[in-house]
Structure formats: C-alpha cells, structure tokens
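The values are calculated or read from the model by the stated rules, or taken from the named source; none is laboratory data. In this text, all values refer to a predicted model and were calculated from it rather than measured experimentally. All Cβ positions, glycine included, derive from the backbone under ideal geometry; neighbour counts span all protein chains shown. For accessibility, only protein heavy atoms count, side chains too; no ligands or nucleic acids. Shrake-Rupley method; radii C 1.70, N 1.55, O 1.52, S 1.80 Å.
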Amino acid sequence: MALVSADTKIAELLTELHQLIKQTQEERSRSEHNLLNIQKTHERMQTENKSQSTYSTSPYYRTKLRGLYTTAKADAEAECSILRHALDKIAEIKSLLEERRIAARMAGVYNDSDPPRKTMRRGVLMTLLQQSAMTLPLWIGKPGESPPPLCGAIPASSDYVAKQGDKVAARVKAVDGDEQWILAEVVSYNHSTNKYEVDDIDEEGKERHTLSRRRIIPLPQWKANPETDPEALFSKDQLVLALYPQTTCFYRALIHTPPHRPQDDYSVLFEDTSYADGYSPPLNVAQRYVVACKENKKK
C-alpha cells in the first residue's frame with residue numbers, strides 16, 4: 001500500500017516538475033527580448049561615442065539602461081525562483097524513491113531460517129555507486145548564504161543523526177581483526193544506546209554491524225561548488241578518508257587537487273607503502289566519497 005502511495009506521489013511530482021521546466025523556458029524566452037535591448041543600447045552608445053573625444057553616458061541612456069537592467073534583474077530573480085522550486089521537487093522525488101527502496105527491502109527481509117538474499121554483482125554495485133556520486137545535488141545558495149553542514153567538506157553538526165537508508169563511512173573490524181572504514185547503509189539508530197545498526201554496502205543483507213556514533217561518518221548530502229563556495233571543499237595536502245576506486249573501502253589519502261568545477265572530482269594520493277614516497281599516483285574520487293579523516297595516527 002505504501003509503495004502504491006509513493007508511486008502516485010512521484011507521478012504527481014513529476015507532472016509538477018514538467019510544468020516548472022516549461023515555466024522556466026517561458027520565463028527565459030520572455031527575458032531574452034529585454035537582454036537584446038540592453039545589447040543594442042550599448043552598441044548605439046558606442047557608435048555615438050566614436051565621434052566624440054571623450055566617452056560619456058548621456059542622461060537619456062543612463063535612465064534607459066537603469067530601467068532595462070532593473071527589468072533584467074527582476075526577470076533573473078523570477079527564473080531563479082522557478083528553478084529553486086524545481087530543485088525542491090527533484091529532492092522530494094529522490095526522497096520518495098529512497099523511501100520506496102527501503103520499504104521494498106524491509107518487505108523482503110528474511111529471518112534466520114530463510115536463505116540470505118543474493119548478493120549484488122560487483123559490477124552492478126560499482127555502477128550504482130558511480131551514479132549515486134554523479135546525481136548528488138549541487139548546493140546552490142542564495143547570495144550571502146553559507147553552505148550547510150554535509151555540503152562538501154563541511155561536517156555534520158555534533159547532534160546530527162543519520163537517517164535510515166543514508167550512506168556513511170563506518171569503522172568496523174575485519175575478519176583478520178584489523179579495523180577498516182567501509183561504505184555502509186544506515187539501518188537504524190538507537191537513541192538510548194547512541195548506537196547505529198548499519199549494513200555493509202558490499203554485503204547487503206549479510207553483514208550487519210552495531211557501532212557507536214564515533215565510528216560513523218555521514219557522507220556529504222550536497223556537492224560544493226568550487227566557483228562559489230571554495231571554503232566548503234577540502235584543500236590541497238589535507239588528510240582525508242577517500243573511497244578507493246572500484247572498492248567499497250575508505251583509505252587515508254592526501255588531497256592532490258581539489259575540484260575546479262562543480263562536476264569535477266577530487267584528485268587524491270592514497271597512502272601506499274609500495275611506492276617510494278609512501279603515496280599512490282593521483283586518483284580521482286567523487287566529492288560524495290571524500291570525508292574528513294578521524295584518525296590521527298598512521299596505522
């Protein structure tokens with residue numbers, strides 16, 4: 001029943017999103033005429049000033065341009081408002097899809113007497129992780145607005161509790177007794193014990209861990225835009241935990257090059273004793289899978 005309700009709501013949101021996209025195009029088409037007038041006004045000003053020894057703007061052109069730019073600013077704000085509304089709809093759709101996925105998984109939970117579910121093929125899992133990184137929303141704040149916690153390198157607040165279905169970096173004990181950071185999914189959080197239950201993303205339904213909050217690092221919920229919010233990114237030579245390519249494990253690394261554009265990855269140097277300088281060649285890791293390193297001592 002819940003799945004049907006979610007499907008209906010998603011269909012409604014998609015219809016609303018389609019209408020918002022149409023409105024955006026209509027708003028953009030309407031504003032193009034005014035932008036063209038601005039361009040033509042500047043061209044006429046340049047033509048008239050060629051015959052004069054000094055460049056000056058007449059009161060007529062100052063008044064006209066002030067009006068045109070005021071209109072252009074209002075048009076841009078109107079389009080921005082529609083786009084933000086559309087982004088909210090997309091966030092709602094993604095949230096409902098995640099809720100539907102969790103509900104479907106919970107409906108298929110097996111007990112100890114049932115056989116475990118088939119583990120996802122590794123190639124499929126790697127593709128899904130890559131898609132998850134690519135579709136992580138970009139934080140787009142209003143003028144003067146600071147990026148929130150869990151945007152890029154900005155950590156979660158001290159009282160933050162990850163929700164069911166959230167992806168996290170989790171510090172667990174391996175079979176050989178060593179500890180490692182793995183990519184995991186939150187199953188639940190117990191407020192009385194302050195402990196999480198998480199599933200290893202690579203062994204869904206098989207490997208479940210009960211961990212304290214200090215062993216959990218929430219992953220970013222937004223990408224940071226290097227062009228507008230560079231302070232929300234890790235800087236060069238900063239020590240981090242990064243997901244090693246084609247694996248589900250986080251390892252210590254140094255930032256080699258931060259992203260230059262919103263769609264760029266980090267370039268990182270993983271700690272690797274097989275190389276003379278102790279670090280691997282630069283490897284690309286998406287913003288979603290780079291978090292602050294909690295470990296101070298090298299193991």
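Remarks
- Carbon + sulfur, % of accessible area of the stretch 212-299 - ligands and nucleic acids excluded, 1.4 Å: 50 percent
- The charge dipole of the stretch 186-236, taken about the Cα centre with unit charges on the Cβ atoms of Lys, Arg (+1) and Asp, Glu (-1), comes to about 340 debye, rounded to the nearest 20.
- In this label model, GLU207 and LYS163 are separated by 2.7 nm, measuring between points 7 Å along each Cα→Cβ vector.
- Segment GLU32-ILE140, extension gain: residue separation times 0.36 nm, minus the distance between their alpha carbons: 36.5 nm
- Most fluctuating residue given options TYR244, TYR61, TYR279, as computed from a GNM of the chain linking Cα atoms under 10 Å: TYR61
- 14 Å cut-off, amide nitrogen to a point 7 angstrom out along MET126 Cα→Cβ, residues in the stretch 249-263: 249
- ALA104-LYS22 pseudo-label distance in nm [points 7 Å out on the Cα-to-Cβ vector]: 2.9 nm
- Structure-based [θ]222 nm, the chain - -39500 (n - 2.57) summed over DSSP H runs of at least 4, per residue, nearest 500: -13500 deg cm²/dmol
- Label-point gap, in nm, between ASP277 and SER58 - each point 7 angstrom along Cα→Cβ: 6.4 nm
- Net charge dipole, the chain: roughly 520 debye, given to the nearest 20, about the Cα centre with Cβ charges of +1 for Lys and Arg and -1 for Asp and Glu.
- Put simply, when 160-171, 81-92 are sorted by average Cβ atoms within 10 angstrom per residue, most first, you get 160-171, 81-92.
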